[in-house]
Amino acid sequence: MTTMLNKKVDFPVLNTTMRGNDLVYLDNAATTQKPKSVLETMNHFLTKENGTVNRGVYFLSQEATKKCDDSRKSIQLFLNAASEKEIIFVKGTTEAINLVAYSYGELLKAGDEILITELEHHANIVPWQQLCLRRGCILKVAPITDDGHLDLNEFKKLLSSKTKLVSFCHISNSIGTINPAKEMIKLAKEVGAKVMIDGAQAVSHLKVDVQDLDCDFYAFSGHKCFGPTGIGVLYGKEALLEKMPPFMTGGDMIETVSFQSSSFAELPRKFEAGTPAIVEIIGLGEAIKYMNSLDFTEIQEYEQKLLNLAQEKLGELDVRLIGPTHTKAAIVSFVVNGVHAHDVGTILDMEGIAVRVGHHCTQPLMKRYKVSSTIRASFCFYNNMDDVDALVRGLKKVREFLG
Amino acid sequence: MTTMLNKKVDFPVLNTTMRGNDLVYLDNAATTQKPKSVLETMNHFLTKENGTVNRGVYFLSQEATKKCDDSRKSIQLFLNAASEKEIIFVKGTTEAINLVAYSYGELLKAGDEILITELEHHANIVPWQQLCLRRGCILKVAPITDDGHLDLNEFKKLLSSKTKLVSFCHISNSIGTINPAKEMIKLAKEVGAKVMIDGAQAVSHLKVDVQDLDCDFYAFSGHKCFGPTGIGVLYGKEALLEKMPPFMTGGDMIETVSFQSSSFAELPRKFEAGTPAIVEIIGLGEAIKYMNSLDFTEIQEYEQKLLNLAQEKLGELDVRLIGPTHTKAAIVSFVVNGVHAHDVGTILDMEGIAVRVGHHCTQPLMKRYKVSSTIRASFCFYNNMDDVDALVRGLKKVREFLG
Amino acid sequence: MDNDRLRAMYQEMILEHNKSPRNFGPLEGHTHYGHGKNPLCGDDYEFYLEVKNDVIERVGFTGDGCAISKSSASMLTTMVKGKSIEDARKLSETFLEFILNEGPKESLGKLKIFEGVKQFPVRVKCATLSWRALEQALLKTKHIASTEA
Amino acid sequence: MDNDRLRAMYQEMILEHNKSPRNFGPLEGHTHYGHGKNPLCGDDYEFYLEVKNDVIERVGFTGDGCAISKSSASMLTTMVKGKSIEDARKLSETFLEFILNEGPKESLGKLKIFEGVKQFPVRVKCATLSWRALEQALLKTKHIASTEA
Ligand SMILES: Cc1ncc(COP(=O)(O)O)c(C=O)c1O
Ligand SMILES: Cc1ncc(COP(=O)(O)O)c(C=O)c1O
């Protein structure tokens, strides 16, 4: 336990005190904190350089345009996408999935099947349900085993020539499972299905390479990887995006408009209607730069140490761990036996410890485990062993108070 | 010309120098600058208080939730909406219109008519065209007169019991026309049509009262009224929003989710899928506070003075003014005879003057006036008479250079 | 200080009701029914009342949630049993006024114990949920099959 | 300084071509056609070439746009007239290399005059638009009705 990454210094919020203690922030799966460099870049832009993009011949607008273009370029490189045209700015993972459901969905017909898994966040369930209602498609769900891993055999059995799209999370936000994405994609491709990956939880934990994965779509949210809210990314393979109709329409995404008909701009703008989230795009670009300064191998090792320590120490308490214990990200979901998660959350809050309690937008998964809610501690590389200790101390206090 | 509002001091960007001169920012219709209070509020939140909303029992999340609720409340009061349930956060006007086109659009059938005007921004044209393609509705367009005002007679003639929705801009972004919204709404209601107002340009120029207007939908963008990008508002009447199906789906907008079906949360969350644009909502709340500190009657008078001066001085040059000269906001659109707008923009930029050149996302309106582009100077209350003078000086320089 | 606030909320009696809720279980032959649900935290309770001659003769509840919501539900059932519909409604109003605003607590009896929850704004909903469900139940009579009428 | 930059871009010859574009107008009996368009600023030009035995014999253009794009289009037509397809392509390549990167200008003749545009990154597209359209035209033969073949 010698390597301490000691990254808290980069994140102003982590250096605030909370209810008299140092803040122990363990809700990283909900939203991460932002490094100083991101905050300064955004603030600098808004105080010195604010302007709109794409259309201005004047300096402020040229600079803003250039910065947004640069951010798109960094994201392309970050994901190893083949072209900048494949990087579409959206407001978050949820919009990205809805975009695909509405737009790629237009290419589907009644009887076509969409396959998801039991691990999914509501954002990767409901848009497909709605698509099925609109177009008569059928939603199939691949089950997981009791230990929280995808049941690959069942997954295979559910794949057929009817499967037009497979959509699954790279990492489960609720119990931390890391899906065997490459293998799943290979299997899906064998039956000719397209594959979408909900990467909301993945980009902050592991190195993503969309070409190596060979997925058709990949989505993530800026606010979950050290960037601002209001911005996210949909990666899509160029050839597929070309075939898809636009989702939202309006300014900036058209070529010509007449009252009779309109023609659409080239990728990526075809999918980016309206004034973009300019300062958010610039902030996300800076967050990518921050991530590029990290060594993801080191981060993974470090986070696994945190995870192991947390699982070990929680194992000594009267709690029930939910989900996998290996091949998972540093996300621990558990219930304190005999105590409701909400009460646990309140008492931890009084100690300055931020965890998430509830269903984590994965109600079907909660049902699978026969719990209505869990306590979730989700770690980031900026957490340290002291944070684990604080959590354990907090849980002991829960027992003191609630017996 | 005695009243000088002298508000530039509140806006940091306006106090920067540009190419050796004071920045003369006349592209307010594209995006406005943000007052210090908005910048500080956002920066404070991100550096000290960042957390997610709605789901956390811990302090940061509670505070963020409260601030977002407060912002929604301010917007309700600002628009004089009947309830907070009627205020839906979206990423901007474009998303707001697309939301209505997708969701209210589901209630329309083949042959139903949608009526817009010749003044509209692409954001208020293309979503309806796409809706018409999807559902077999018919798009009708009310013409304007040569002087840039809606032809009310023609508008009346186009209304019929087939008209299900009338959608028009409160103020034209391209030529500044202020539409007679109340009268248009009254006429539309007589045939039973619902009315949507694209208020992108209006909220920064005049006091909006949605109950007094009696419109069914009203949309605006945060970045055009002193708030951040990535956030906007759709106002909708509660009873109508209740009848409409959700647009985007996912986390936070559901009540229960199972793999068989899902039920949706109450308004406004039914229309707000995914993690909201938290810091942007908070920033917008602060922008509303700023606007509440202003006297809109005074602002309108002042802006009209700027407008009159600009029109008078431009009239003395060899330029052609496009659009109305009265009942309009302080937006002046013109062409310099014999010189292309793009060249004008470049030369003005060299003087530190930011204007917009192009079609302003209103190609059909440009066609109506038989121009491919115009130069648009759009004023805000923080502009002053010196800015008008600078523009005129800049235009004289254009002549010097381009003959 | 924080420990004091916690102790003020998690009173002995609250914890005791949470551990051993009264009137727990569905009620056969109920005449009124109410459902209270907080989708954000997952609290979910159902209430069953048997009302005869305007008096709540029997009451039961099922469901699950945090200590505050469960003890609130349990204490609710003990408080409204035997009360007239009118009096139950009044009690509910007084309790909600007390918890949500600055309403007086004199007439609340042992419900005063929820005062500590007011220090925890996000938890206030937990205390009010069952009372909202009661109000709903008192509005919506569930007409039971005719033999019972 | 800014005036100098402006003067460097808006050279006399550029302004002169803008005012009196050469080879302006459509070309009857053309064999090749190209269309260049910048949806952001509205520049829109069409090019017509008559190619015989691999040589551009006649050339014409129509359309509208800023001074830079129009003079670029006009000068293009004067430069490629009489050239072989091969040579026109080479000229286009050299010009684009010169404007977009740091390519040599020696062989560009009077096209060197566009050097000043490089100081205005957003205007570079205006200078390159017509050359892109030319490349497109040289790729896409427009087969004219058989009597002309
Ligand atoms: C009248 C009008 N409508 C709609 C829009 C679109 O707004 P946004 O780009 O913020 O979505 C704009 C601004 O571009 C506008 O001026
Ligand atoms: C796995 C997963 N998918 C999707 C989402 C939705 O992301 P957002 O709310 O940023 O749109 C989240 C986060 O809430 C998530 O964890």
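Summary table below
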| read-out | value |
| --- | --- |
| Hits among lysines - C-alpha to C-alpha of B:Lys305 under 19 Å, sequence gap 8 or more where chains match | B:Lys7, B:Lys8, B:Lys207, B:Lys313, B:Lys328 |
| Cα-based helix-to-principal-axis angle, B:93-103 vs chain B, degrees rounded to 10 | 40 degrees |
| Euclidean distance of C-alpha centroids, the range B:216-270 and the range B:130-168, integer Å | 26 Å |
| Alpha-carbon radius of gyration plus Dmax, which is the widest Cα pair, for the range B:183-222 in Å | 10.6, 33 |
| Chain B: most fluctuating residue of B:Gly232, B:Gly274, B:Gly105 per GNM, C-alpha cutoff 10 Å | B:Gly274 |
| Other-chain or far-sequence residues with amide H under 5 Å of C:Gly103's (modelled H) | C:Phe98 |
| Calculated label separations, A:Lys66, copies of the chain, 7 Å along the beta-carbon direction, nm | 4.4 |
| For A:Val53, distant residues with modelled amide H under 5 Å away | none |
| From the C-alpha gyration tensor of the protein assembly as shown, square roots of 5λ in Å | 56, 33, 29 |
| Candidates B:Lys164, B:Lys194, B:Lys109: whichever shows maximal mean-square fluctuation once chain B is modelled as a Gaussian network with Cα springs under 10 Å | B:Lys109 |
| Efficiency of FRET between C:His35 and C:Arg7 - r from beta-carbon atoms, R0 25 angstrom, step 0.05 | 0.20 |
| 0 to 90° range, to nearest 10: angle between helix B:278-292 axis and chain B longest Cα axis | 60 degrees |
| Principal-axis tilt of helix A:126-135 within chain A, Cα atoms, nearest 10 degrees | 40 degrees |
| Rounded Å value of the spacing that divides the Cα centres of the range C:11-34 and the range B:40-69 | 36 Å |
| Dipole magnitude (debye, nearest 20) for chain B, charges at Cβ of Lys, Arg, Asp, Glu | 680 debye |
| Amide H within-cut-off set for A:Ile138, under 5 Å, with H built and near neighbours excluded | A:Gly111, A:Asp112, A:Glu113, A:Ile114 |
| J(HN,Hα) series, the range B:16-22, from Karplus relation 6.51 cos²θ - 1.76 cosθ + 1.60, nearest Hz, glycine and proline x | 8, 9, 9, 6, x, 10, 5 |
| Whether the range A:322-363 is rounded, prolate or oblate, judged on the alpha carbon gyration tensor where a/c under 1.5 counts as rounded | prolate |
| Residue mean of other protein chain beta carbons inside 10 Å, A:83-95 | 3 |
| Farthest toward positive dipole pole in the range A:39-292 [+1 Lys/Arg, -1 Asp/Glu at C-beta], among A:Leu39, A:Gly283, A:Leu165 | A:Leu165 |
| Shape call, the range B:246-403: gyration tensor on alpha carbons, a/c limit 1.5 | prolate |
| Isotropically averaged projected area of the range D:4-82, using the convex hull of Cα atoms (one quarter of hull area), nm² | 5.6 nm² |
| Karplus (6.51, -1.76, 1.60) ³J(HN,Hα), θ = phi - 60°, over the range A:186-202, in Hz, Gly and Pro reported as x | 4, 5, 5, 5, 4, 9, x, 7, 7, 10, 10, 10, 7, x, 3, 8, 8 |
| Fraction in percent of alpha-carbon pairs per bin - 5 Å, the range A:54-130 | 3, 12, 16, 16, 16, 15, 10, 6, 4, 2, 0 |
| Total formal charge among the other residues, if their Cβ is under 15 angstrom from that of A:Ala82, Lys/Arg +1 and Asp/Glu -1 | -4 |
| Choice from A:Lys91, A:Lys67, A:Lys48 with maximal GNM fluctuation in chain A (Cα, 10 Å cutoff) | A:Lys48 |
| Rounded if a/c under 1.5, otherwise prolate or oblate - the range A:39-292, Cα gyration tensor axes | oblate |
| Across the identical copies, how the B:Gln300 labels are spaced - nm, sorted shortest first, 7 Å along Cα→Cβ | 6.3 |
| Position A:Asp209, label points 7 Å along Cα→Cβ, spacing to each other copy in nm (shortest first, one decimal) | 6.4 |
| Selection from C:Gln136, C:Tyr48, C:Asn101 lying farthest towards where the dipole of the range C:3-146 points positive, charges on Cβ | C:Asn101 |
| Shielding of D:114-126 by partner chains, average beta-carbon count, 10 Å | 2 |
| Hz values of 3J(HN,Hα) by residue in the range D:101-116 - Karplus curve (6.51, -1.76, 1.60), Gly and Pro given as x | 10, 10, x, x, 10, 3, 7, 8, x, 6, 5, 3, 4, 7, 3, x |
| The range A:279-322-the range B:366-403 distance, computed between alpha-carbon centres (Å) | 53 Å |
| Charge dipole (debye, nearest 20) of the protein assembly as shown; +1 at Cβ of Lys and Arg, -1 at Cβ of Asp and Glu | 1000 debye |
| Reciprocal mean inverse distance between Cα atoms of the range C:3-146 - Kirkwood radius, Å | 15.1 Å |
| Axis-nearest residue in chain B [Cβ, rotation onto A], distance in whole Å | B:Gly230, 2 |
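The numbers here are math on the coordinates, done by the rules we state, and not lab data. Computed from a predicted model, the values in this text were never measured in an experiment. Every residue, glycine as well, gets a Cβ built from its backbone with ideal geometry; the counts of neighbours run over all protein chains shown.
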